[in-house]
Amino acid sequence: MKSRNPKPAILDGEPVFKKTVPIIQPTLPDAAELTPHIKKILKSHQITNASYVKKLEGEFARYSGARHAVAVANCTSGLILVLKALGLKGDVLVPSFTFSATVHALVWNNLNPVYVDCDKETFNVDLNDARKKLTKKTCGIVGVYIYGVPPDMKGLQKFATENKLKFVCDSAHAMGTTVNGVKAGNFADAEVFSMSPTKLATAGEGGIVATPHAELARKIRIGRDYGNPGDYNIEYVGLNARMSELHALLGWLNLKKLPQRVRHRNKLYALYKKELSALHGLSFQKIAAGVTTSCNYFPMVLDNEKFGMSRDALFDCMEKENIATKKYFYPAVHEQDATRAFHTKKNSLPVTEWLSRHILCLPMYSHMEEETVKKICKAVSRIHEYAGRIRMEKL
Ligand SMILES: *Cc1c(COP(=O)(O)O)cnc(C)c1O
């Protein structure tokens, strides 16, 4: 058979890119845009938790419609503080198909994570499995927006209410996600967002806790400041999880550009799907009707037989094309050294284990060009076309 495409780099063809395409890259404002604000901050001598933190919180509340928004040093410390402030004790249902920090926040609070499997199509927490794992000791459930795609919010809210559970969301990927026109930040007792460099609106490092509860918001404000209500008679054991003014400035400027970034990413996401749809053995995350995702990542799932090689082999082939991809989330949290002890044999997680071995994320960032997406798809396509030869000669 005559090949349409030139040979892939793994077979000593010319790599599609000369310079490596990163998996993600933060989009940053010009120095000129920052400078007048930095001068103002320096002149004020207020370098942490002051007017720019308030600006950022105000902007997020306005954008999302969340009743209370509290800025913190990062999403992980935000999650730790939320669980602490809610006073949870016992078992918490949590997906294992997530980033490790989701579970770390529980462990730091002496809570016992009970891993719940994920859905094969949406990759989000599987409510049927959560029902099976519910016991008298369960006090809460954590939902995660996987790559920006929300879990079944209605289902989770109902499940939490019926069983008197606190419902917390790890919304690290969710800045810009909406469900039926309602923005992320309005669906749980608390949702915690990340502004780390791999997320849509970065503050360098940062996080935001969004909650409808005034008392919880008050506790987080105190908790990020050691637990100090103002008179140094510490109310509860908190953290130093304040955000500095320089971080808040960066986050604020980036947050203002969030809507256009979400639009552009959705365009890139659709283009990826269109360009890759003709290839056998690839499938994509199911996005429910009414959902707009932030498109924090572009994941695809490989059927080894149909695609002609494994996820790990494709990862290696893409590296040779100078394209960074990410095995994400892999290993799953219950398979990591730090958190495997919470996993019990009888609590099986077949979908999580399968998915984490078959999923690969392709580059996605807010200033990425459509042409780059097309070239990446070209690389995937030629690797697929030559899969048989690659198997024989290289694997
Ligand atoms: C990035 C991320 C976190 C951690 O956020 P930080 O701001 O870096 O603490 C937590 N959960 C998920 C799903 C993430 O992707």
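When the stretch 135-148 is filtered for residues that are out of contact with any Ser or Thr (no Cβ under 9 Å at 6 or more places or on another chain) and crowded, with 18+ Cβ neighbours inside 10 Å, the ones remaining, listed by number, are 138, 139, 140, 141.
Go through the stretch 150-187 residue by residue and tally those that are aliphatic (A, V, I, L, M) and within 14 Å of the ligand (Cβ to nearest atom).
Residues of the stretch 150-187 aliphatic (A, V, I, L, M): 153, 156, 160, 165, 168, 172, 174-175, 179, 182, 184.
So of that shortlist, the ones also within 14 Å of the ligand (Cβ to nearest atom) come out as 168, 172, 174-175, 184.
So the count comes out to 5.
Test residue 143 against the stated conditions and say whether it is away from the ligand (no atom under 14 Å from the Cβ) and touching a residue at least 40 places away in the same chain (Cβ under 8 Å). Before you say what the answer is, go through the steps one by one.
Values: away from the ligand (no atom under 14 Å from the Cβ): no; touching a residue at least 40 places away in the same chain (Cβ under 8 Å): yes.
So residue 143 does not fit the description; no.
Could you tell me which of the residues 240, 254, 296 is within 16 Å of the ligand (Cβ to nearest atom), surrounded by fewer than 16 Cβ atoms within 10 Å (Cβ to Cβ) and among the polar types (S, T, N, Q)?
On inspection, the qualifying residue turns out to be 240.
Can we say residue 70 is in a strand (DSSP E or B) and buried (at least 19 other Cβ atoms within 10 Å of the Cβ)? Yes; evaluated as a whole, the condition is true for this residue.
Just give me the residues in the stretch 45-60 being without any contact (Cβ under 8 Å) to a residue 60 or more places away in the chain and either assigned to a helix (DSSP H, G or I) or open to solvent by less than 60 Å² (accessible area, probe 1.4 Å) (or both), in sequence order.
Let us first name the residues in the stretch 45-60 that are without any contact (Cβ under 8 Å) to a residue 60 or more places away in the chain, namely 45, 54, 58.
If the condition is that a residue be without any contact (Cβ under 8 Å) to a residue 60 or more places away in the chain and either assigned to a helix (DSSP H, G or I) or open to solvent by less than 60 Å² (accessible area, probe 1.4 Å) (or both), then 54, 58 are the ones that fit.
On the basis of being away from the ligand (no atom under 12 Å from the Cβ), part of a loop (DSSP other than H, G, I, E, B), within 19 Å of the chain's Cα centre (by Cα) and farther than 21 Å from residue 186 by Cα, does residue 120 make the cut? Yes: the conditions hold for residue 120. Residue 78 falls short of the stated requirement of being surrounded by fewer than 19 Cβ atoms within 10 Å (Cβ to Cβ), among the small types (Gly, Ala, Ser) and at pLDDT 95 or above. What's the total number of residues in the stretch 359-373 that are in contact with a Lys or Arg (Cβ under 8 Å, 6 or more places away or on another chain), in a helix (DSSP H, G or I) and surrounded by 18 or more Cβ atoms within 10 Å (Cβ to Cβ)? So the count comes out to 0. Number of residues in the stretch 73-96 that are away from the ligand (no atom under 12 Å from the Cβ), among the small types (Gly, Ala, Ser) and not in a loop (DSSP other than H, G, I, E, B) equals 1. Among the residues of the stretch 302-351, those that are out of contact with any Cys (no Cβ under 6 Å at 6 or more places or on another chain), more than 20 Å from residue 13 (Cα to Cα), touching a residue at least 60 places away in the same chain (Cβ under 8 Å) and of a type in the set (Val, Ile, Thr) comprise 333, 339. Of the conditions (1) buried (at least 22 other Cβ atoms within 10 Å of the Cβ); (2) part of a loop (DSSP other than H, G, I, E, B), residue 328 satisfies every one except a single condition; which number is it? Evaluating residue 328 over (1) buried (at least 22 other Cβ atoms within 10 Å of the Cβ); (2) part of a loop (DSSP other than H, G, I, E, B) leaves (1) as the failure. Candidates are the residues of the stretch 188-218 that are away from the ligand (no atom under 13 Å from the Cβ) and either closer than 17 Å to residue 53 by Cβ or among the hydroxyl-bearing types (Ser, Thr, Tyr) (or both); the one that is surrounded by the fewest Cβ atoms within 10 Å (Cβ to Cβ) is 218. Could you tell me whether any residue of the stretch 226-235 is in a strand (DSSP E or B), open to solvent by less than 10 Å² (accessible area, probe 1.4 Å) and more than 14 Å from the ligand (Cβ to nearest atom)? Scanning the stretch 226-235 turns up no residue that is in a strand (DSSP E or B), open to solvent by less than 10 Å² (accessible area, probe 1.4 Å) and more than 14 Å from the ligand (Cβ to nearest atom). Remark: pairs (first residue in the stretch 168-194, on the phi < 0 side of the Ramachandran plot; second residue crowded, with 24+ Cβ neighbours inside 10 Å and basic (Lys, Arg); Cβ separation under 8 Å; 6+ apart in sequence or on different chains) = 172/199; 173/199; 175/199; 193/199. Per this entry, residue 361 is not counted among residues that are more than 18 Å from the chain's Cα centre (by Cα), in contact (Cβ under 8 Å) with a residue 60 or more places away in the chain and within 30 Å of residue 261 (Cβ to Cβ).
Counting only residues that are within 18 Å of the chain's Cα centre (by Cα) and either buried (at least 18 other Cβ atoms within 10 Å of the Cβ) or within 19 Å of residue 301 (Cβ to Cβ) (or both), which one in the stretch 97-114 is farthest from the ligand (Cβ to nearest atom)?
Filtering first and then ranking leaves 106.
The values are calculated or read from the model by the stated rules, or taken from the named source; none is laboratory data. The structure displayed is predicted, hence computed values, not measured ones. No Cβ is skipped: glycine too gets one built from the backbone with ideal geometry, and neighbour counts run over all protein chains shown. The area values use the complete protein model at the heavy-atom level, side chains included, leaving out ligands, DNA and RNA. Shrake-Rupley method; radii C 1.70, N 1.55, O 1.52, S 1.80 Å.
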